Each structure stands twice: as structure tokens, then as C-alpha cells.
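Shown next, in C-alpha cells, is the structure this report addresses.
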Amino acid sequence: MYTFPSEAAGIEFSFQEMPMGGAALDLTGIPLPEETLSAAQKADAVLLGAIGGYKWDKNEKHLKPETGLLQLREGLKVFANLRPATVLPQLVDTSTLKKDVAEGVDLMVVRELTGGIYFGKPRGFGTNEKGEEIGFNTEVYATYEIDRIALVAFEIARKRRGQLCSVDKANVWRFSMLWRKRVTTIASDYPDVELSHMYVDNAAMQLVRYPKQFDTIVTNNIFGDILSDEASMITGSIGMLPSASLGESGPGLFEPIHGSAPDIAGQNKANPLATILSAAMLLKYGLGEANAAKRIENAVLDTLNKGFRTGDIYSPGNKLVGCKEMGEEVLKSVDSPSALPSE
């Protein structure tokens, strides 16, 4: 563990680095050592790096890096995954959508993280009446799981533009019928938030047709997994997007939504901005340091305004830099007057 003061923000930070995922598999043989989980549970907040890679793809399920991530989420009891997708003015031309469609997009996906088909039982393998092998998972939600994620989403929508779209498949699936019923019930406590409902297939289409119609989206685990990744590509690069996973109490988990990109590992090509912005979310949602968070966000914008770009967001006329230099430029901007939050 090591400690250093942040003179710019007047905050003192103590850091402890612990292995998990692929790194933990190489060191200990399991993806989430007990020591790592214990340290995370005792922390004020957890900043997580990318954990996987081709090296461990053929491992048995309980020895895959992703299993460690699921175990960490469960151990921290984080159930609300916040995934913002914002098209920055400096990067609108990197979006694969037309400029008039992508420009001005600013939405938040609130994904339920610890229920649904990823964790529902029964699940496993079996044999059907024809003697054929089958695999099965169960999509199941209890009232309390829906209520608590809905409350988080309404609170976030209230602090944004006051619009919440609940995404489900209530025309077909029973769990979605319950989902819509509970979200509608909770809406009565938030008269200042405009609630709408949308089927998931339509939501997927609307995200690429007219994404500016969305402010805050709340949805279940599997729909949120898919839609948040789709929303991320509207911004032009998954390398720009942070996320936060929060529980009712205890430390939150903050991480970039991208993977480890093993094809470019060690080549100084990765975009560090998603991780930097995840640190900003950690300050805002995990430590309650909104001004420090805003200072980091402003520093990222200032760096982009100066024309610095990693390969994934590069366009002609800007300066192509590697991961290290991009990080160094953000550090310079943090100390510049342009990064200071406006009063």
C-alpha cells in the first residue's frame, strides 16, 4: 500500500494493488484470491483494470478471468451498473453514425448487475426427451431486485434531464411483465421524472436511429449488457467509456467497459481515457468528491481540445500519440486553469 496527497484537490489517497483475473490466475491459480476480495471489501472504492485475454480462453469456467469479475461483483454486493455514453464535440466525427445523428448524444444506461439470466437457477446441461444434449439458463427477478435498481435509475434521471426509459420484453416474458409493473409502481414517487417503456428490440433500433431521444435507460442484466455496448459505439470508441457499479453500501467498483485488448498489449497503443474517466466516476460516486471528478473530466476535454488522439479516436489533422503520452497530457491538463470546475 502506498499513500500520496493530491495537492490540486486537497485529498490524500491510499492505494493498494491486488491481483485478479488473468494476473491472479498466473500468480495463484484462481481468478479471485481471498486476499484480493478482502482488500476490496475493506476499501472505500475499487478501481479495476481489464482482466482477461486469449491466454486463458480455454480454461474451465471456474478458472476464467471473467469468473473472478462475477465473484468480485457478488462479494462487493454491487447491483447497479452505470454506463454513460456521451458523444464529445471533439470526437463526433469518429462515430460510425452520421454527424447529425451522433452529435449531442448524452445518455446513461443503468443496468441491473447481479440478477437475471447470469445468476438465475436452474442452469446447466442436460438431455431432452430425444436424448439430445441441451444447455439452459433461467431469467428470474424478485421484486426487491427490480425495486432497488429502479430507485437508483429514478434518482439518476432526476439529476439529469428527468427522463427515464425502462427497457423490457413485457409482451412476451413473465419476468418483464413483473419488471414493468414494479417500475411503474415506483414511478409514482417520482412525479418529476417522465417514465416511458420500450421493448428491447425497439430500443436496440432506436439507439442507432435516434439516440438523442434517450436520457436515462434502466434495464435488466442481459439487455443492459447488450444495449450499453451498442451505446458505447455511438461515441466512436469503446476506449472512451467508463463505468461504475454501486451497491446499497460498501465500496463501489469502477472500471472501463473495454477489455484488455491483448492484440495491442505492450505496444503503447491503448486509449487510457476510459480508465481515467472511471477514476473520475470513482471520485464522484464512490468518494463524494464531485469537484475533483469534474477536474479530471475537464482535463480530458482539454487534452482532446489540444488535438491529442490515440489510434482508436484518431482523425486527420490531430496528433497521434500513444497510451503513455496521452496520460501525460491529461496530467498536465489537470494542473491547468482550464480544468478548474466553474463555481
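The values are calculated or read from the model by the stated rules, or taken from the named source; none is laboratory data. Worth saying up front: this structure is predicted, and the values here are computed from it rather than measured. When we count neighbours, we look across all protein chains shown, and the Cβ atoms used for this are built from the backbone with ideal geometry, even at glycine. The area values use the complete protein model at the heavy-atom level, side chains included, leaving out ligands, DNA and RNA. Shrake-Rupley method; radii C 1.70, N 1.55, O 1.52, S 1.80 Å.
Here are some notes:
- Protein heavy-atom accessible surface, 1.4 Å probe, per residue over segment 79-236: 48 Å².
- I226 versus V208: modelled label distance in nm, points set 7 Å from Cα along the beta carbon direction: 1.3
- Cα gyration tensor shape for segment 264-343, rounded if a/c is under 1.5, else prolate or oblate: oblate
- Separation of alpha-carbon centers, segment 249-316 and segment 106-150, rounded to whole Å: 31
- Dipole of the chain computed with +1 at Lys/Arg Cβ and -1 at Asp/Glu Cβ about the Cα centre; of H258, G68, V334, farthest Cα towards the positive end is H258.
- A Förster distance of 56 Å, applied to the separation of the beta-carbon atoms of L331 and N171, puts the FRET efficiency at 0.65.
- With the gyration tensor restricted to C-alpha atoms of the chain, the semi-axes of the equivalent ellipsoid amount to 32, 26, 21 Å, longest first.
- Within the accessible area of the chain (1.4 Å probe), percent carbon and sulfur: 54
- Alpha-carbon centroids, segment 23-73 and segment 191-223: separation in whole Å: 32
- The alpha carbons of segment 79-236 give a radius of gyration and a Dmax of 17.1, 58 Å, in that order.
- Reachable lysines from K98, criterion Cα separation under 17 angstrom, eight or more residues apart if same chain: K212
- The modelled label-to-label distance for the pair R158/H197, using points 7 Å beyond Cα in the direction of Cβ, is 2.3 nm.
- Solvent-accessible surface ranking, highest first, for C165, C323 at 1.4 angstrom: C323, C165
- Here is how the number arises for the chain: DSSP H runs of 4 or more residues each give -39500 (n - 2.57), the sum is divided by the residue count, and the result at 222 nm is -11000 deg cm²/dmol.
- Where R148, R309 fall by accessible area, highest first, once all protein chains stay in place (1.4 Å): R148, R309
- Measuring against 28 Å, Cα to Cα, the residue pairs K181/K294; K58/K121; K294/K319; K55/K324; K64/K332 contain K181/K294; K64/K332 as the ones spanning a longer distance.
- R0 of 41 Å, Cβ-Cβ distance F125-N268: FRET efficiency to nearest 0.05: 0.40
- Here the Kirkwood formula puts the hydrodynamic radius of segment 19-100 at 14.8 Å, using every distinct Cα pair.
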